[in-house]
Amino acid sequence: MRRLSLILTLLLGAVFWPLVLQAQPRDRAWDDCEQDQDRDRQLRGCSEVLSRGNREAAANRAIALYNRGEAHHARGNYDAAIRDYDEAIRLNPRLLLAFYNRGETHQIRGNLDAAMRDYEEAIRLNPRFAPAFYNRGLVHRARGNLDAAIRDYDEAIRLDPRLAPAFNNRGNTYRDRGNLDAAIRDYDEAIRLDPRLAQAFNNRGFVHQARGNLDAALRDYDEAVRIDPRFALAFNNRGNAHRDRGNLNAAMRDYDEAIRLNARYAPAFNNRGAVHQSRGNHDAAIRDYTEAFRIDPGFGLAVHGRGLSYQARGNLDMALRDFNEAIRLNPSLGLAFNSRGVTHQARGNLEAAIRDLDEAIRLSPRLAQPYNNRGNAHRDRGNLDAAIRDFDEAIRLDPRRGVAFHGRGLVYERRGNHGQAAADFREAIRLNRETARADLARVEAALAAQQRPPRTGGAPGRP
């Protein structure tokens, strides 16, 4: 009997799949070829079996090729694995596991079309083979075909109701669709079936975090890294949760650990850069953002973050260059248009600023920041009514946005409405916008002057 590939074993547990040799005496080469604990030994054994040529039956050579393909796959030698699976299938076109594992290898390499073809052939050969439906669901999700992915996960679960990874990944797909309740139910079931499935704890933590339940998120991330202390993604996500709670020291420790575990994990560099940036350490932030962008040249968020640090340092040319690149990489990134608009405004180019802020609002209509910034630009152009409308919307979207109250107060002051300006400045100060204090003192002085009784002039009359 022949064990399924390492990844499938992780999916299903210790399951064995019958790839039976034709009757013949056992020998050391076959023993080495059929075990999977020592991949070097497996490679040598299978190669020795294959060197016998036609002295081995074609069906047995197909098994040896399949097993050697598994060994190549486990060592990351995917080209050699695919060559062996190709030849195994040529010798035995009904070798289900060769199609399945070749599909998995194509999937790892990003060749989703080839992976899909192999999973479909595996399903044709055995319509009750749950792992093929599961992996085909992964391909559908990677392509953004979420309905088809859910149908395949449903079928995998129907065929094998204890397939915990199918529940986990169906949960991911529900999360992609915004159905967080269904996602949580699937993660719960995956964890019930396999309490050591670290990915399910990590994914459930991610949903809790998205809902603002940081305590529950941290508990799940803690469990994920306890189960798998080498789970860089869970350390990164736990760092994000700590950052959301304002615990920047704990966040930094988790990002450091994620990077130690995977020195090519671009999101952890990006997130650590954000912590440096929030602390005002822009040199360190720029280094981390630059490394994230070097690892992943398509990482628009990283180059945008670097632009923010250049902007904070007053290097507007470098900031503008990075925002341009972020937009080129991700034309739907509303934050990048917002940041470029602020840079144009700082350089006095108000028309370009408003164009970018218009686009930021179109792309991210629920984001308060672009409304606030466009309000500033309208105020600078003297369009006070438009400025008021934008600050009103920024405050509606984020009632704790002190900077928007401050900006609206400045507009009211320019219109001579000192009472409303003072009210906005007071609210801004209550929301920790300390720079509004000087403005409040100025309008309070103006109000006091308005309330003093008028002086009467003239000299007293003579009796």
Residues (outside any helix (DSSP H, G or I) and crowded, with 23+ Cβ neighbours inside 10 Å) located in the stretch 346-399: none
Selection from the stretch 245-270 of residues that are of a type in the set (Gly, Ala, Ser) and either over 22 Å from residue 299 (Cβ atoms) or buried (at least 16 other Cβ atoms within 10 Å of the Cβ) (or both): 246, 250, 251, 258, 266, 268
Selected residue (only one of 233, 248 is more than 16 Å from the chain's Cα centre (by Cα) and without any contact (Cβ under 8 Å) to a residue 60 or more places away in the chain): 248
Exclusive hit being of a type in the set (Phe, Trp, Tyr), under 31 Å from the mean Cα position of the chain (by Cα) and more than 20 Å from residue 70 (Cβ to Cβ), set 153, 119: 153
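Rundown of residues vs (1) within 20 Å of the chain's Cα centre (by Cα); (2) modelled with pLDDT of 95 or more; (3) under 22 Å from residue 269 (Cα atoms), yes/no style:
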| residue | (1), (2), (3) |
| --- | --- |
| 166 | no, yes, no |
| 185 | no, yes, no |
| 198 | yes, yes, no |
| 201 | yes, yes, no |
| 209 | yes, yes, yes |
| 221 | yes, yes, yes |
| 239 | yes, yes, yes |
Qualifying residue in the stretch 27-45 (condition: under 22 Å from residue 104 (Cβ atoms) and either in contact with a Pro (Cβ under 8 Å, 6 or more places away or on another chain) or among the small types (Gly, Ala, Ser) (or both)): no
Qualifying residue in the stretch 189-198 (condition: closer than 22 Å to residue 140 by Cβ and of a type in the set (Val, Ile, Thr)): no
Residues located in the stretch 209-229, provided they are without any contact (Cβ under 8 Å) to a residue 24 or more places away in the chain, more than 14 Å from residue 254 (Cα to Cα) and crowded, with 21+ Cβ neighbours inside 10 Å: 220
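Looking at this structure, is residue 94 crowded, with 22+ Cβ neighbours inside 10 Å and within 26 Å of residue 156 (Cα to Cα)?
On the way: crowded, with 22+ Cβ neighbours inside 10 Å: no; within 26 Å of residue 156 (Cα to Cα): yes.
Answer is no for this residue.
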Pair list, Cβ < 6 Å and 6+ apart or interchain, from the stretch 97-123 residues that are among the acidic types (Asp, Glu) to residues that are assigned to a helix (DSSP H, G or I): 118/99; 118/102; 118/103; 121/99
Search result, residues across the stretch 133-184 that are of a type in the set (Gly, Ala, Ser) and part of a helix (DSSP H, G or I): 137, 142, 148, 149, 156, 164, 166, 171, 182, 183
Condition broken by residue 314, with the remaining ones in (1) part of a helix (DSSP H, G or I); (2) on the phi > 0 side of the Ramachandran plot satisfied: (1)
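Restricting to the stretch 152-176, give me the number of residues that are of a type in the set (Asp, Glu) and either touching a strand residue (DSSP E or B) at 6+ places or on another chain (Cβ under 7 Å) or touching a residue at least 24 places away in the same chain (Cβ under 8 Å) (or both). Please lay out each step first, then the result.
Step one: list which residues in the stretch 152-176 are of a type in the set (Asp, Glu), which gives 152, 154-155, 160, 176.
From what's left, either touching a strand residue (DSSP E or B) at 6+ places or on another chain (Cβ under 7 Å) or touching a residue at least 24 places away in the same chain (Cβ under 8 Å) (or both): 155, 160, 176.
Residues meeting the conditions: 3.
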Residues within the stretch 35-86 that are surrounded by fewer than 18 Cβ atoms within 10 Å (Cβ to Cβ), among the aliphatic types (A, V, I, L, M) and in contact with a Lys or Arg (Cβ under 9 Å, 6 or more places away or on another chain), tallied: 2
Pairs, first surrounded by fewer than 11 Cβ atoms within 10 Å (Cβ to Cβ) in the stretch 441-453, second not aliphatic (A, V, I, L, M), C-beta under 8 Å, six or more apart: 450/418
Meets criteria (closer than 17 Å to residue 406 by Cβ and modelled with pLDDT of 95 or more) for residue 370: yes
The stretch 189-211: number of residues that are more than 24 Å from residue 157 (Cα to Cα) and part of a helix (DSSP H, G or I): 3
Which numbered condition residue 425 fails, given (1) in contact with a Leu (Cβ under 7 Å, 6 or more places away or on another chain); (2) modelled with pLDDT under 95: (2)
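The values are calculated or read from the model by the stated rules, or taken from the named source; none is laboratory data. Since the structure is predicted, the reported quantities are computational estimates derived from the model, not experimental observations. All Cβ positions, even for glycine, are placed from backbone atoms using ideal geometry, and neighbour counts span all protein chains on display.
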